[in-house]
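The values are calculated or read from the model by the stated rules, or taken from the named source; none is laboratory data. Note that the structure is a prediction, hence the values are computed from the model and not measured. Using ideal geometry, Cβ is built from the backbone for each residue, glycine included, and neighbour counts are taken over all protein chains shown. Remember, those area values only see protein heavy atoms, side chains included, never the ligands or the DNA or RNA. Shrake-Rupley method; radii C 1.70, N 1.55, O 1.52, S 1.80 Å.
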Amino acid sequence: MSEELKTLVETFCANVQSTERMVRQRALKDFLDFTRGDKLSSMEAPEVFDGTYLHVLRCYADRFEMIRSLAISVVNEMLAKLPANDYYLGYIIPVITKRIGQREIIEDSEEVRLLLLEQLELIIEKYSDPDGSRGDPLLKSYDGLIDILIKTLKDPFPAAQKQSCEIVKQLASATPSMHYRAEALVSPTVTVLKHRHSANRIAAIEALGVVSLHIRSNSDSVLKIIVDISPLLMDSVPFVRRACGRVGCLMLMELRDRYSYFHRIMPLVLNCLTDDTAEVRDDILERWKKAGELYYVENEAELSKAKLADLVPPNYPGEYERPTLPCRAIVQRSLKIVELILHEMEEWKEDIRLHATKLLKLVVLHAEKSLSTLFMQINPVLAKTCMDSDKDISSEALKVAHLCGILLEYETWSKHALVEFRKFHSFGHLKCINAMYNSSGIEKLKHLKKITSFLTDSEVCHNLKEPYQLELLSFCERLIPDYHRVFHAKEIEGLANESDQLAVERMLYTVVLKVAAFSYEDALAVRDRALQVLALLDSRLDALHERHMASVIISLENLETINSDSSDSIRLLAGIVSVCGFRLPYHTVLKKSLEIALKHASPPGKIKLFSSISIALLQWKDTMQASDEKHSELVKNFIEETIAPYLVWAAGRSSESIRSMATACLCAMSQGVENSIFAPIVVGQLKTLGSLSEDNSIAARAYSLRTLLAIGPLPFDDLRPIAFAILARLDDPSSEVRELGATCLGRLQLQLPVGKGESTDEAARWEETLRQIVPIMFLHLENPELKIRKAVLESLGQLAVHHRPLIKGLANEVATGCPYKEDLDNLFIPAAEPEAVVVPAEPLIQA
């Protein structure tokens, strides 16, 4: 050492020990300038360090932050000129450890702690020896470095935390001895994963990935790393998710004993392949392919043979790129991942379920037929996920089911799916099997009859929930084209026999018709959709009903029990009547079933049936194609055997309601059947109608009067009692009944014996009866209700057609000052004389 340099060192040592802060600070600044410049050569640096290190390192503990910072900078400059000899580390590392590596950190300045970490980074860089060719100079200080990192990884200063993670990665590549205490870094680094700064989270993920490569003894630590990183696959920052994927690919390629961890590492990689950010997907896909290439090299003998028979599955979805053979092989040997995925698909958090479902989709894409053996485990969870309340999750689950139908073996999945559906028949199972069936190949046509027969099970098609019914219709809508392919196009030989065709058509018809019948009242959209599906089966719906309706009605169960209006049997029967109406081919069977059901059903059940019957009877002349003679017989039998027993009075509110609805059926028949057929038949029910017009129920009175609007000319013995019964309704408490009564009076007409004129005794007696009725009708012309006055006038006009002298004579007897005198006179004005006023029957009013 030269005299000048010796003097400089002695002066520095004296000044840096001064009690004055400024003296120490000035000495360190001057010495820093000296070490930075060219005045200090690499040859002289060891001697200068030997003479000054004690004083400089003592400044690390100075109470002034500036002095501590200057001391660190001085050591950094000297390190740059010192040889890479681990001798010097023995002095520096213990001092740094004392400041920031003890149980309680002594250094309270965040900036100084960061400077000390940067100094560690310089030391590791200078003494780096990855292959140990220089004797691994960091080995002697390795424990001190690890102790420092264990503490600084938990530093509250974010920059210090991030710097510590970077040092972990640097240290792993700088020494071959990293595996000695690599496990000790796992727990402190994991704490950084929850940091609010994304940069810190990314650094921690990368550090853990590097640390995992150096853990050789304890596999639990590797699993802990994977488990703790996995939640960050759902991080809001794309670069954090990308870091997870990169670590997964790194583990796939470099982790010791990595084959045994494949099923744990897969989620880190595959989840990134479905990421919302294209940059993340593209980056991880490239690395995933490289991992596959490495696996192919390591297993070339096995995979080269598989490559020869590696054909693209038929109907492979065009929206997906088929993974490479080695990538698929990695997943196929790691199917333990399925258990983890299924567990997470049942988590309570939506984001976890969504990511797990997306992950299962990628597993299906990679595993293909190899996954068939696990479908028994997958199906229940997948079916549950298909009906998830979150639309995104259920949509992804349907995509998985769609892929399963294409890529899995049809024989395997169809058997398990049908067995599972038979046990639970839930909405999710139906959606799942529908999606899989829709995407599967031509082999599904062989099982068409089996699947349709399964759907006819009452446990399957008697579900009243609207979403379930719509899904069932969707399934049938997909089965119907296959039915046409098999039995009309005859795509598969040996299946298109006539008996099977009729059976399959009947079963499809039964399922769709039952859906329409269940929804006829509450869900009209479902009913309309069901009728559209039936039209796909056969555009001639009438012919379809006539072919198969009888078998559907015969298959109805429990009609002989006390069924309420909510029981399946009553709902089905009522729906069938309402939707399909009465037709000649199945009329006898339907009539018999209705009579049995009406006999045993509870009052609400009877009311529901009569309500449907009344709707169907309105369309009788459109649906019942038969001769007039046959029509008359059918109408008469239906009235006498099905409706008439329930028109008889019985005590009780329930009986009153049933009686009202039965009367509504009779009224509907009066409008749905040709009057020429109905009028002669209803004469047999006049006494009953007369008593019904006095019923306690307003609806029964109204319906009975509406029915009487359809009667024609009657014999005097029948006409007189019904006339007075109708006349009594002019004083009814209900305005509707009063109006109907006034209208009915105009329809009264005497039926004269054949071959006799109007001078018969019966005509005279009827005229006498009218003399009693018409004055009472005059009195009701003073009624304040305009509708009733108008109805009475119209009825008088109708009666005047056949009894003009009588009506006119009675009108002339009315006093001149009477309020309705002018209205009566207007009835007989010549301009109004030629034709009578005819009031058409009003539409049915339901009770």
Here, helices (runs of 4 or more DSSP H) confined to the range 377-468 with at least 2 residues that are open to solvent by 20 Å² or more (accessible area, probe 1.4 Å), in contact with a Pro (Cβ under 9 Å, 6 or more places away or on another chain) and over 23 Å from A530 (Cβ atoms) are 391-407, 410-424
Would you confirm whether or not the range 443-457 contains a residue that is among the aromatic types (F, W, Y) and in contact with a Gly (Cβ under 7 Å, 6 or more places away or on another chain)?
no
Would you mention how many residues in the range 369-398 are β-branched (V, I, T) and farther than 22 Å from P313 by Cβ?
3
Need pairs with beta-carbon distance below 7 Å; first residue over 30 Å from N299 (Cα atoms) and open to solvent by 60 Å² or more (accessible area, probe 1.4 Å) and within the range 330-352, second in a helix (DSSP H, G or I) and of a type in the set (G, A, S); sequence gap 6+ or separate chains.
E344/A356
How many residues does the range 700-724 hold that are within 19 Å of E762 (Cβ to Cβ) and assigned to a helix (DSSP H, G or I)?
9
May I ask you to list pairs of residues, at least six apart or on different chains, whose Cβ atoms are under 9 Å apart, with the first in the range 441-454 being under 17 Å from L472 (Cβ atoms) and the second being hydrophobic (A, V, I, L, M, F, W, C) and outside any helix (DSSP H, G or I)?
L448/L495
Residue in the range 109-138 that is farthest from P188 (Cα to Cα), counting only those that are assigned to a loop (DSSP other than H, G, I, E, B) and under 57 Å from the mean Cα position of the chain (by Cα):
P130
Counting only residues that are open to solvent by 20 Å² or more (accessible area, probe 1.4 Å) and in contact with a Ser or Thr (Cβ under 8 Å, 6 or more places away or on another chain), the range 45-68 contains a total of 1
Taking the range 256-272 and keeping only residues that are farther than 13 Å from S334 by Cβ and crowded, with 20+ Cβ neighbours inside 10 Å, one is left with N271, C272
As an exercise: evaluate V48 against (1) at pLDDT below 90; (2) of a type in the set (A, V, I, L, M, F, W, C); (3) under 26 Å from I106 (Cβ atoms) and give the number of the one condition it does not meet.
(3)
Quick one: which residue in L617, L666 is at pLDDT 90 or above, touching a Cys at 6+ places or on another chain (Cβ under 8 Å) and of a type in the set (A, V, I, L, M, F, W, C)?
L617
Of the residues L705, L752, L709, L727, only one is more than 56 Å from the chain's Cα centre (by Cα), open to solvent by less than 50 Å² (accessible area, probe 1.4 Å) and aliphatic (A, V, I, L, M); which?
L727
For the range 57-79, enumerate the residues that are closer than 17 Å to L117 by Cβ and either without any contact (Cβ under 8 Å) to a residue 24 or more places away in the chain or hydroxyl-bearing (S, T, Y) (or both).
Y60, S69, S73
Residue that is surrounded by the most Cβ atoms within 10 Å (Cβ to Cβ), among those in the range 81-95 that are touching a helix residue (DSSP H, G or I) at 6+ places or on another chain (Cβ under 8 Å) and in a helix (DSSP H, G or I):
I93
Quick check on my filter: what residues within the range 156-202 are assigned to a helix (DSSP H, G or I) and aromatic (F, W, Y)?
Y180
Restricting the search to the range 503-526, which residues are more than 21 Å from the chain's Cα centre (by Cα) and among the small types (G, A, S)?
A503, A516, A517
Reported set for the range 96-132 where residues are of a type in the set (S, T, N, Q) and open to solvent by 70 Å² or more (accessible area, probe 1.4 Å) is Q102
Can you pull out every residue in the range 637-660 that is open to solvent by 10 Å² or more (accessible area, probe 1.4 Å), farther than 18 Å from L590 by Cα, in contact (Cβ under 8 Å) with a residue 12 or more places away in the chain and of a type in the set (A, V, I, L, M)?
V648, I658
Pairs only if they're at least six apart or on different chains, beta carbon under 7 angstrom, first in the range 572-589 and within 8 Å of A616 (Cβ to Cβ) and open to solvent by less than 10 Å² (accessible area, probe 1.4 Å), second β-branched (V, I, T) and at pLDDT 90 or above; list them, first residue then second.
V577/I613
Answer from C461, C432 - the residue that is in contact with a helix residue (DSSP H, G or I) (Cβ under 8 Å, 6 or more places away or on another chain), modelled with pLDDT of 85 or more and either closer than 24 Å to Y316 by Cα or aliphatic (A, V, I, L, M) (or both):
C432
If only one of L536, L502, L541, L531 is over 30 Å from E409 (Cβ atoms) and open to solvent by 70 Å² or more (accessible area, probe 1.4 Å), which one is it?
L502
Kindly indicate the residue of the range 16-64 that is part of a helix (DSSP H, G or I) and of a type in the set (S, T, Y) and also farthest from the chain's Cα centre (by Cα) among those meeting that condition.
T52
